1. What trypsin sites (Lys or Arg not before Pro) does the range 68-116 have in DSSP loop regions with at most 13 other beta carbons within 10 Å?
2. Using the structure shown, list the pairs from K58/K303; K58/K413; K234/K293 with a Cα-Cα distance above 23 Å, or answer none.
3. Which shape class, rounded, prolate or oblate, goes with the range 88-246 when its Cα gyration tensor gives a ≥ b ≥ c as root eigenvalues, a/c under 1.5 marks rounded, and past that a/b bigger than b/c marks prolate?
4. Could you tell me which residue out of G268, N394, W202 lies farthest along the dipole of the chain toward its positive end? Charges go on the beta carbon: Lys and Arg +1, Asp and Glu -1, centred on the Cα centre.
5. Among S454, S142, rank each residue by its count of other Cβ atoms within 10 Å, from fewest to most, as a rough exposure measure.
6. So how far, in whole Å, is the C-alpha centre of the range 458-474 from the one of the range 403-426?
7. What is the dipole size for the chain, taken about its Cα centre, with +1 at each Lys and Arg Cβ and -1 at each Asp and Glu Cβ, in debye to the nearest 20?
8. What number, rounded to the nearest 500 deg cm²/dmol, is the helix-based mean residue ellipticity at 222 nm of the chain, given -39500 (n - 2.57) per DSSP H run of at least four residues and division by all its residues?
Amino acid sequence: MLISALNRWRVCARRFAVVVVVLMLLAGGAAANAAPSGEQLSTRVVTDPNHAWVLVNKSRPLNPAQFVPRDLVSWGGTGHLLRAQVSGAVSQLFAGARAAGHSLELVSAYRSYASQAALYSSYVQMYGQAYADQISARPGYSEHQTGLAADVGNVGGGCGLTACFGTTPGGRWVAANAHRYGFIVRYPAGYTHITGYTYEPWHLRFVGVQLASDMKIRGIPTMEQYFAARPSIKSGADVLAADSAGVLWNYPANRAGGFGARERIGAGWAGLKAGFVADWNADGVNDIIAQWKSGTLTVYRGKLSGGFLSPVTAGTAGWQAMNITVGKWHGGHRFPGVVGTAPDGAMYFYPNAAGGALGARQQIGNGFQGLRLAMADFDNDRRQDLLVTTAAGNLMLYRSDGAGRFAQEARLKVGNGWGAVAQSHASFGFQGTGTRGLTAKAVDGRLIYYSLGSGRFTGSRQVGNGWQSLSVFR
Ligand SMILES: [Zn+2]
């Protein structure tokens, strides 16, 4: 079974490679002077919330999360809002349907972050979180927030917002013709494992006539497949590790509490002191921050289709002596930064102003000589906190004030026995959408996942062993 899955992946990977080349050709003319390479271009268009090709799904939120389109208009004098171009396209779609004898109506269009938050929490109240996640997007993760999505139905007909819409004459016409007006049926039947949603024949997504027609002609059913969104680090729950030969491996999380077969994603990592994973340039694809024994700190920017761009230098010298952790320590900053301690125990915050080199450091504490650090939002208040392991093995919580400094409060002890933990890092989605935790490597080589509630650990379990010789990225 493993072998056949791997072969299938290889076939898919080849097909994806072809798709990326075609995408680069398609997109090259429009923005030839705006982007230095096709790879960067493809990353940019699918992460730009203003672009009609923005790719939003359960693992790719809008950035910023509270994005509001600038050109929303009322559709046909109704309370439904859509981006201007999409509003016109819906009118043309409905006119085309009418000419073919089908009477369609708009059921839902733009939804703000706040209204999506209200909708999602009402589903959670009614059905519980697990089921709510199957039928509704979390705020910041909904296509409706882009102003590019339209839920349609038959006027006065049944099957509203249900799968049977696809079997009605109007629904069949939509599936066959929507591309001529720039729309795709975004969540087709049979692709829940890719889109994250069950079949929604009523949910149309505007991507423009060019892309919608190309997908139709070539039989590519989802945006995820079209854009070959298969970065080397697939999610915030994956574990990266360099082995003693310097080969870099990604262990992809299966989002059900385990890992798929590891994938080789690099070589030449033997000189590493420590590696970190973060979206350093905020383009929606995870990057690697490498702290080298030679003293430099470099960033390998992940490509949407896999692999990495050439490294850029984030810090030039002296990093071999620092004990660091990486994350969005300053809640108001767009890019993640570095918090680190010097050999004398002084702790510094290094901001990352532009997704590249680090700026001037600010001292935020002292007395941390030789202590292990990890950054995570422990109490789930959307501010990153520091978890510090003391010499006695206690895990102490240093909460942040969200503005780059520590909260003024007594430090809370949140764990003990952490002397047996060699290192740990924040993990997102390991046990399914929305789950949070820490992945830790124990000194005896076990890999352990600690699930997090809001401000406490809710459980732990072993998810691997024999990791002694691996340098696990944080
Ligand atoms: Zn919808």
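1. Details: sites: R70, R83, R98, R111; in loops: R70, R111.
Of the trypsin sites (Lys or Arg not before Pro), the ones in loops of the range 68-116 whose Cβ has at most 13 other Cβ atoms within 10 Å are R70.
2. On the way: K58/K303 19 Å; K58/K413 33 Å; K234/K293 27 Å.
Beyond 23 Å: K58/K413; K234/K293.
3. Details: a/c = 2.28, a/b = 1.45, b/c = 1.57.
It is oblate, given that a/c is not under 1.5 and a/b is not larger than b/c.
4. Farthest towards the positive pole: G268.
5. Details: S454 11, S142 25.
Ordered by Cβ neighbours within 10 Å, fewest first: S454, S142.
6. Here the two parts' Cα centres lie 18 Å apart.
7. Working: 43 positive and 24 negative charges, 121 e Å.
Here the chain has a charge dipole of around 580 debye.
8. Details: 9 runs with 102 residues, N = 474.
After summing the helix terms and dividing by the residues of the chain, the value is -6500 deg cm²/dmol.
Only the coordinates and a few stated rules stand behind these numbers; no lab work does. Computed from a predicted structure; not experimentally measured. As a convention, Cβ positions derive from the backbone with ideal geometry for all residues, glycine included, and neighbour counts pool all protein chains shown.
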